[in-house]
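Colleague: So that we are looking at the same thing, I have put the structure below in structure tokens.
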Ligand code: FES
Ligand SMILES: [Fe+2]
């Protein structure tokens, strides 16, 4: 089976969502090579703090070292292979100690002690042998506090890999008067019974919200209007849900920017600047920190979502981050995080929390309606009812500049075509080029971008 034959410019074969052999190729050629998000530095503030994380098929642990650095190691004892950290997170003190025979390891993975050394004399097992230490990820790096690891020693640097998509982290941090965010140390973990690509395609799919989320958006708009009529204005969080009642034309007028590595941006101003006292206090802090011009630039950026392909969706204006950990062709773990803007008033944090609970939580109807579509999509693609998945919307109407694909229609399926362009390159063993899509790029506030 040649995966290249499964992708055509306007359609893909259903097996790319269902075939275990394709899934293994994706893990080997994409997830276990590219830079994968491990977590935020504030998840492991103290020496010995650790957080376990899956990279491709590999169990890893991110740990704060005694010198303040962060290491990412395979969560595996070199003696007989037992997992060293059984918990998801915690503090391991000054060493990892294996629960089986008590080999212990420094926080950088080097073996610290092997008990009962008598008995190993004359064998190749010595504490100097690197095989006796925990294996580190090939590369670890961070950007503005967000920690990534790559299991491949080769390939682009983290900055090169992120390319223009690094605006996700800039936009999130720049909205803090201190230029930093810290994680809220609770995440929703959801198992999606669908292929990871459903999620990635859906995030910039502006065609679906007015259909899928109609049953939430329309009643929310009705109540929002009633509250406005009675009280003069409605709390901002009504807008989070009523925005899903935006018309098809409104969604079609937003713009997607699609980078060669599969990353992308949905540009739309999210209407986060009402003139209530909390917003005014926050904006005054921003102006004091950055000056009038830069504060205005930061606060008016036109971003709805940023995707870091193939696993991250960042809603930077509201400090939301969702990370995928594929578990099988039809099974995907998503981690749903949100962050606090350092130095911003508590009321501004509450907005992130409201969005987290109202839109991204598995308990909300918005997320539940998406999950239902993806599960049903997986069932359909596992059936013999047809072989192809259609990405024909606005096909032939894309414009390309410096390798970046644009469409004048927000509802164009250029998003999926772009993601599969990167997918094909990765599965051919290549690194997709970065492209240079700065003109009219995602970091700017665009008059053309509509509010949704
Ligand atoms: S398996 Fe870890 S010490 Fe034996
Ligand atoms: Fe949705």
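The values are calculated or read from the model by the stated rules, or taken from the named source; none is laboratory data. Remember, predicted model here, so these are calculated numbers, not experimental data. Cβ coordinates were reconstructed from backbone atoms using ideal geometry, including for glycine residues, and neighbour counts include every protein chain displayed.
Colleague: Looking at 377, 403, 429, which one is surrounded by fewer than 16 Cβ atoms within 10 Å (Cβ to Cβ) and over 30 Å from residue 184 (Cβ atoms)?
Modeller: Going through 377, 403, 429 in turn, just one is surrounded by fewer than 16 Cβ atoms within 10 Å (Cβ to Cβ) and over 30 Å from residue 184 (Cβ atoms): 429.
Quick grid of which residues meet (1) under 15 Å from the mean Cα position of the chain (by Cα); (2) closer than 22 Å to residue 260 by Cα:
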{"position": "133", "(1), (2)": "no, no"}
{"position": "151", "(1), (2)": "no, yes"}
{"position": "154", "(1), (2)": "no, yes"}
{"position": "160", "(1), (2)": "no, yes"}
{"position": "168", "(1), (2)": "yes, yes"}
{"position": "176", "(1), (2)": "no, no"}
{"position": "186", "(1), (2)": "no, no"}
{"position": "189", "(1), (2)": "yes, no"}
{"position": "197", "(1), (2)": "yes, yes"}
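Colleague: If we scan segment 232-240, do we find a residue that is at pLDDT 90 or above and within 15 Å of ligand 2 (Cβ to nearest atom)?
Modeller: Within segment 232-240, one or more residues are at pLDDT 90 or above and within 15 Å of ligand 2 (Cβ to nearest atom).
Colleague: Among the residues of segment 208-219, are any surrounded by fewer than 23 Cβ atoms within 10 Å (Cβ to Cβ), within 16 Å of ligand 2 (Cβ to nearest atom), assigned to a loop (DSSP other than H, G, I, E, B) and touching a residue at least 24 places away in the same chain (Cβ under 8 Å)?
Modeller: yes
Colleague: I would also like to ask the following. Exactly one condition in (1) in contact with a strand residue (DSSP E or B) (Cβ under 8 Å, 6 or more places away or on another chain); (2) more than 26 Å from residue 187 (Cα to Cα); (3) buried (at least 16 other Cβ atoms within 10 Å of the Cβ) is not met by residue 300; state its number.
Modeller: (3)
Colleague: What single numbered condition from (1) surrounded by fewer than 20 Cβ atoms within 10 Å (Cβ to Cβ); (2) in contact (Cβ under 8 Å) with a residue 24 or more places away in the chain; (3) in a helix (DSSP H, G or I) fails to hold for residue 233?
Modeller: (3) is the only condition that residue 233 fails.
Colleague: Please pick out the residue among 18, 52, 94 that is crowded, with 20+ Cβ neighbours inside 10 Å and modelled with pLDDT of 95 or more.
Modeller: Only one candidate qualifies: 52.
Colleague: Now for a separate question. Considering segment 101-115 alone, what residues qualify as being surrounded by fewer than 16 Cβ atoms within 10 Å (Cβ to Cβ) and farther than 30 Å from residue 36 by Cα?
Modeller: If the condition is that a residue be surrounded by fewer than 16 Cβ atoms within 10 Å (Cβ to Cβ) and farther than 30 Å from residue 36 by Cα, then 101, 102, 113, 115 are the ones that fit.
Colleague: Oh, and also: Scanning segment 123-139 for residues that are assigned to a loop (DSSP other than H, G, I, E, B) and touching a helix residue (DSSP H, G or I) at 6+ places or on another chain (Cβ under 9 Å), which turns out surrounded by the most Cβ atoms within 10 Å (Cβ to Cβ)?
Modeller: By that ranking, first place goes to 125.
Colleague: Which one of 373, 360 is within 16 Å of ligand 2 (Cβ to nearest atom) and either without any contact (Cβ under 8 Å) to a residue 60 or more places away in the chain or touching a strand residue (DSSP E or B) at 6+ places or on another chain (Cβ under 6 Å) (or both)?
Modeller: The conditions single out 360.
Colleague: Quick one: count up the residues across segment 66-88 that are under 25 Å from the mean Cα position of the chain (by Cα) and within 14 Å of residue 109 (Cα to Cα).
Modeller: Here the count works out to 8.
For every residue, the table says whether it meets (1) exposed (fewer than 15 other Cβ atoms within 10 Å of the Cβ); (2) within 16 Å of ligand 1 (Cβ to nearest atom); (3) not in a loop (DSSP other than H, G, I, E, B).
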| site | (1), (2), (3) |
| --- | --- |
| 79 | no, yes, no |
| 117 | yes, yes, no |
| 141 | no, no, yes |
| 160 | yes, no, yes |
| 182 | no, no, yes |
